[in-house]
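S.K.: The structure's right below; bear with me while I get my questions together.
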Amino acid sequence: METKANVYRRWFKTVLIIVGMSVGSYAATFSWLMYKAHVHRRWHEHVQILILRLAPQRPDDVTPEAWALCVFWTLNLHGNYGGPSYFPEEQREPFVREVESMLREPVTLGTVDKVWDAYVRHAPRAQSYLQFRPTDPQMAKTYSAGESLDSLVIMLKDLECRHPDF
């Protein structure tokens with residue numbers, strides 16, 4: 001027959017194993033979620049930089065106020081629909097490649113439209129936000145940018161300093 005001390009030791013070991021496995025599982029899950037959040041945040045900031053790179057490339061036929069409106073509302077689009085629950089993970093890199101290729105060409109108002117179209121194509125839940133497309137003439141009458149081109153360029157430089165690898 002087993003002694004009382006042996007029974008307690010066996011139960012103690014069993015409880016330790018269960019607690020250890022639980023803590024390990026929670027730690028692994030937490031680490032995985034933190035990793036995914038980190039990866040998404042880096043992508044989000046990368047796209048933010050790409051959008052802000054439009055600011056200093058204002059086309060000659062667009063006023064500074066109208067261009068600031070375009071950049072500001074494109075940033076708003078990204079701020080509202082660039083979250084992990086809106087932007088599918090598998091669509092992130094294709095979207096970045098598409099926007100980077102747009103920025104290698106001369107920038108026009110059409111570039112802003114292309115960015116918005118690409119955004120909705122890669123993140124379909126952003127479709128409802130198209131009512132705020134900044135190239136729509138009605139938008140310029142209804143809303144202001146709330147930012148100047150200079151402040152957007154400063155924001156770009158700040159982000160580029162923090163992320164020189166983008």
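S.K.: Within the range 88-166, list the trypsin sites (Lys or Arg not before Pro) lying in a DSSP loop whose Cβ has at most 14 other Cβ atoms in a 10 Å radius. Show your work: numbers first, answer last.
M.R.: Numbers: sites: Arg92, Arg97, Arg104, Lys114, Arg121, Arg125, Lys141, Lys157, Arg162; in loops: Arg104.
Those that pass, being in a loop and sparsely packed, are Arg104.
S.K.: Additional query: When a/c is below 1.5 the answer is rounded, else prolate if a/b is larger than b/c, else oblate, so apply that to the range 96-139 with a ≥ b ≥ c taken from the square roots of the Cα gyration tensor eigenvalues. Present the calculation step by step, with values, prior to reporting the outcome.
M.R.: Working: a/c = 4.32, a/b = 1.22, b/c = 3.53.
Oblate.
S.K.: Of the listed values [x] 9, 29, 21, 18, 17, 6, 0; [y] 10, 40, 38, 11, 1; [z] 9, 31, 26, 10, 7, 6, 6, 3, 1, 0, grab the one calculated as P(r) over Cα pairs in 10 Å bins from 0, in percent from the structure here.
M.R.: Computed from the coordinates, P(r) over Cα pairs in 10 Å bins from 0, in percent corresponds to [z].
S.K.: Something else now. Taking the Cα centre of the range 38-162 as origin, sum charge times position over the Cβ atoms of Lys and Arg (+1) and Asp and Glu (-1), and report the length of that vector in debye to the nearest 20. If you can, show how the numbers build up before the last one.
M.R.: Numbers: 14 positive and 17 negative charges, 55 e Å.
That gives a dipole near 260 debye.
S.K.: Something else about it: Could you sort the peptides 35-41, 127-133, 25-31 by per-residue average Cβ neighbour count (10 Å cutoff), highest mean leading?
M.R.: Values: 35-41: 11.9, 127-133: 13.9, 25-31: 10.0.
In decreasing order of mean packing, 35-41, 127-133, 25-31 become 127-133, 35-41, 25-31.
Values in this text are rule-based calculations from the coordinates and carry no lab data. Every value quoted in this text rests on a predicted model; they were computed, and no experiment measured them. All Cβ positions, glycine included, derive from the backbone under ideal geometry; neighbour counts span all protein chains shown.
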